[in-house]
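The structure appears right after this line, and notes come after that.
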Amino acid sequence: MSAYLEFLTVLVSVWCVLALAYDMSAGRTGLFSLCQGACFGCGLYAMALAGKWGIGMAVVAGGGASALLSAVVAASSVRLRGDDFVIATYGLQLAFTTLVTNLTGLTGGAGGHAVLVGDSGRWQALVLSLALMGGVVALSQRLWGTAHDRLLRAINDDETLAATAGKPVFAKKVEVFVMSGVISAVAGAVYALHLGHVTPDICGLNPSVLALAMYVVGANRVSWGVIAGAVGLVLLPEALRLLELRTPDAGNVRQMMYGTVLVVAILIRIKRGQTQGTHRIQDA
Amino acid sequence: MLWSQLLVNGTASGLVLALSCVGFVLIHAGGRFYPFSFAAVFTAGAYGFLGSQGLGLTLPLMLAGLAGALFAWGSDEGVFRGLRRNGASSVELTVASIGVSVFLQNGWSLMFGDATKMPMHEVGETLAIGEARIGQVPLWGAVIALVLVIMVGLVLRWMVFGRRIRAVRGDRDLARSLGFPVRRIEVGSLLVGGAMVGVAGALVAWDVGAVPWMGQTALLSALVAVTISGAASSLWISAATGFALGLARELSIAWIPSQWRDVVTVAALLGVMAWKSRRPDWNLSGMGNA
């Protein structure tokens, strides 16, 4: 397999996992988060720092760190409604980026940190990323239509009604948010294995926005739609290679593309009646 | 010496942040959601100012204000109004504004590069205030910001246009049923808010230069300010919060390295949000006349 094809496979798999993890919290429970990048970053840096003791150990460390982070975020902010939750998670994402950029002794600062797992890391990343994607798709399909899924949708549709009916709204939201965070961290650990070097950019605000865009582009409440959104948004910028832009320009154009896609996708979703959030703002 | 210097620096940067918070409140009032695209409007003012240097001070500042006003109004008219017409929720508008912000900030990066674009002014003599010293640029920046905050505050308090903005911010439906031209008032709010944010960006650029991502710090402070003051009312509390955050960021240097300053604002934001999660309807405006 050529290096480029290998890179694309890992990239698509990892982003599918991230988009599905985002779908678990945003799509099913209405928790629009901007700290997906921070959870992803827990996995990235866990692999960079703990990879020398074994891949399994690093995955557990990343998942554990992300579970802790997600639990803290959820416990303190999950009661916030709508855009207040977006803002709280935005703050947390910036705090995480500041932390990994400035803890130079531990993380290597802006220059990043090498992942020391030997030459077999890339093949392991390929196999693990495909296995992880398969596992998360299966989990997502398995949860579809279960009592757990119906309760999440009920919470998403009318949280107050669900609470009045005696459903454990707070506990379920925390559970889903932590699960989404742990899956993102495992994806981060696998991605670090492939990259061989991690930097704060990889787990900043941009990945959070990209995961959000993938979720928004994918059809609401259908896992395959989210996967299609992820594949489309990963492969679309590859077309930029044909334009032969300078590398920094290509990065900017890619981000501009994501921004445009995000706005257009939201407009299409609203027109189709796939709305999110209860506080509607209508112009006459 | 250290404390008085930090106090002077903090006052100067706090006043500019106060101005940007006032602008954010007005843009928020015009659009009725948290506009993350604010960061790009702030940067538009900065580049507008730096692009027109050599024309004195007043004209570049006015051009920066114009750039800010146009971007605030243009993004609302071109993107958010269409979404609102289709019944978008505040979450969807906020998410769309993140898309607009990503688009514009990367656009700035593409046009002007990622390196700091420096202002073309000579480092003049510094002024002594007690044991501390302050340069002419930050001093004038602080004075201009203070004057603009007071002016906007007075306009909103005493003039018909200002009272109408407050009325629409307080209860849009009631204002409409009373026959107020609601959309025109909201456009006015967006234009004035955008101009204030543009000038705030220009004042920062005049002092330390501009980079495409410079609006993020101002955005963080503005989010804290709006959350504390409550979206529906107090401009003064928003300005005071912006000022306090600017001051706290500078004073924190006495204890922590300067690269950790953003943590102060982030901590304030998370603290406010944690508090608000316990009391969803809480804000300072409910505690007094704004």
Suppose we flag GluC sites (Glu not before Pro) only when DSSP calls them loop and at most 10 other Cβ atoms lie within 10 Å. Which is the longest uninterrupted stretch of chain B?
B:126-290
The set of residues whose placed amide H lies less than 5 Å from the amide H of residue B:89, leaving out same-chain residues fewer than 5 positions away, is A:276, A:281
How large is ³J(HN,Hα) for each residue in region A:31-47, as worked out from phi by the Karplus curve 6.51 cos²θ - 1.76 cosθ + 1.60 (θ = phi - 60°), to whole Hz, x for Gly and Pro?
8, 6, 10, 10, 10, 4, x, 5, 5, 4, x, 4, x, 4, 6, 5, 5
Would you mind computing Rg(Cα) / (2.2 N^0.38 Å) for region B:59-191, counting N as its residues?
1.40
Report the relative contact order of chain A, percent, no decimals, based on alpha-carbon pairs under 8 angstrom and at least 6 residues apart.
34 percent
Along each of the three principal axes of the Cα atoms of region B:1-109, give the extent in whole Å, ordering the values from largest to smallest.
56, 34, 24
May I ask for log10 I(q)/I(0) of the protein assembly as shown at q = 0.07 Å⁻¹, from a Debye sum over the Cα atoms as equal point scatterers with solvent left out?
-0.41
Looking only at B:208, B:168, B:197, which one moves most when chain B is put into a Gaussian network model with springs between Cα atoms under 10 Å?
B:208
Over the C-alpha atoms of region B:189-235, what are the Rg and the largest Cα-to-Cα span, Dmax, in Å?
12.0, 34
Largest first, what is the accessible-area ranking of A:47, B:118, A:256 with a 1.4 Å probe?
B:118, A:256, A:47
Protein accessible area in region B:216-259, 1.4 Å probe - carbon and sulfur %:
70 percent
Charge dipole magnitude, Cβ of K and R +1, D and E -1 - chain A, Cα centre, debye nearest 20
520 debye
Relative contact order as a percentage, chain B, C-alpha pairs under 8 Å and 6+ apart, gives 38 percent
For region B:74-183, run through the trypsin sites (Lys or Arg not before Pro) and keep only the ones in DSSP coil with at most 15 other Cβ atoms within 10 Å of their Cβ.
none
Long-range HN-HN contacts of residue B:129 with modeled amide H, under 5 Å
B:134
With T = 37 °C, eta = 0.692 mPa s and Kirkwood Rh from C-alpha pairs, the Stokes-Einstein D of chain A in µm²/s is about 171 µm²/s
Accessible area per residue of chain B at 1.4 Å probe, in Å²?
41 Å²
Checking A:188, A:82, A:273 against a Gaussian network model of chain A (alpha-carbon springs below 10 Å), the top fluctuating residue turns out to be A:273
Looking only at other chains, what is the average number of their beta-carbon atoms within 10 angstrom of each beta-carbon in A:250-256?
5
If one compares the long axis through the Cα atoms of helix A:121-143 with the longest principal axis of the Cα atoms of chain A, the angle in degrees, nearest 10, works out at 10 degrees
Cross-link partners of residue A:167 among aspartates and glutamates (Cα-Cα below 15 Å; sequence separation of 8 or more within a chain):
A:149, A:157, A:158, A:159, A:175
Calculate how steeply helix A:205-217 sits against the longest principal axis of the alpha-carbon atoms of chain A, using the helix alpha-carbon long axis, and give the answer as 0 to 90 degrees to the nearest 10.
50 degrees
Heavy-atom accessible area ranking, 1.4 Å probe, most first, across A:148, B:28:
A:148, B:28
Result row for chain B, helices from DSSP H with C-alpha axial extent 18 Å or more and mean Kyte hydropathy at least -0.5, is B:2-31, B:38-51, B:58-75, B:90-112, B:136-158, B:182-208, B:215-229, B:235-251, B:261-278
Using the scaling law 2.2 N^0.38 Å as the reference, what is the normalised Cα Rg of region A:1-106?
1.18
Kirkwood hydrodynamic radius (Cα pairs, Å) of region A:129-170?
11.5 Å
Carbon and sulfur: what percent of chain A's accessible surface (1.4 Å probe)?
66 percent
Rg in Å to one decimal, and Dmax rounded to a whole Å, for chain B via C-alpha atoms:
18.4, 58
Go ahead and estimate [θ] at 222 nm for chain B from helices alone: -39,500 (n - 2.57) per DSSP H run with n ≥ 4, summed, over the residue count, rounded to 500.
-24000 deg cm²/dmol
Picking from A:87, A:268, A:183, which is most flexible by a Gaussian network model of chain A using Cα springs under 10 Å?
A:268
Low-density loop chymotrypsin sites (Phe, Trp or Tyr not before Pro), region B:69-109, at most 12 other Cβ within 10 Å, DSSP non-H/G/I/E/B, are none
Using only Cα positions of region B:123-186, each an equal point scatterer, no hydration layer, compute I(q)/I(0) via Debye at q = 0.16 Å⁻¹ and quote the log10 values to two decimals.
-0.63
Given a 1.4 Å probe and no ligands, DNA or RNA in the count, how much accessible surface is buried by B and A, both sides, to the nearest 100 Å²?
4300 Å²
Find the Rg to Rh ratio for region A:44-110, where Rh is the Kirkwood radius over alpha-carbon pairs and Rg uses the same atoms.
1.06
Here the whole-number average of other chain Cβ atoms within 10 Å per Cβ of A:90-102 is 5
Tell me, what is the per residue accessible area of region A:88-205 in Å², probe radius 1.4 Å?
43 Å²
Hull shadow area, averaged, region B:137-247 [alpha-carbon convex hull, nm²]:
7.2 nm²
Leaving out same-chain residues fewer than 8 places away, which lysines sit with a Cα under 21 Å from that of residue A:172?
B:276
In region A:119-220, chymotrypsin sites (Phe, Trp or Tyr not before Pro) in a DSSP loop with at most 14 other beta-carbon atoms within 10 Å
A:144
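The values are calculated or read from the model by the stated rules, or taken from the named source; none is laboratory data. Predicted, not measured: the structure shown is a model, and the values here were computed from it. Positions of Cβ are generated from backbone atoms using ideal geometry, with glycine treated the same way; all protein chains shown enter the neighbour counts. Note: accessible area is taken over every heavy atom of the protein model, side chains too, but ligands, DNA and RNA are not part of it. Shrake-Rupley method; radii C 1.70, N 1.55, O 1.52, S 1.80 Å.
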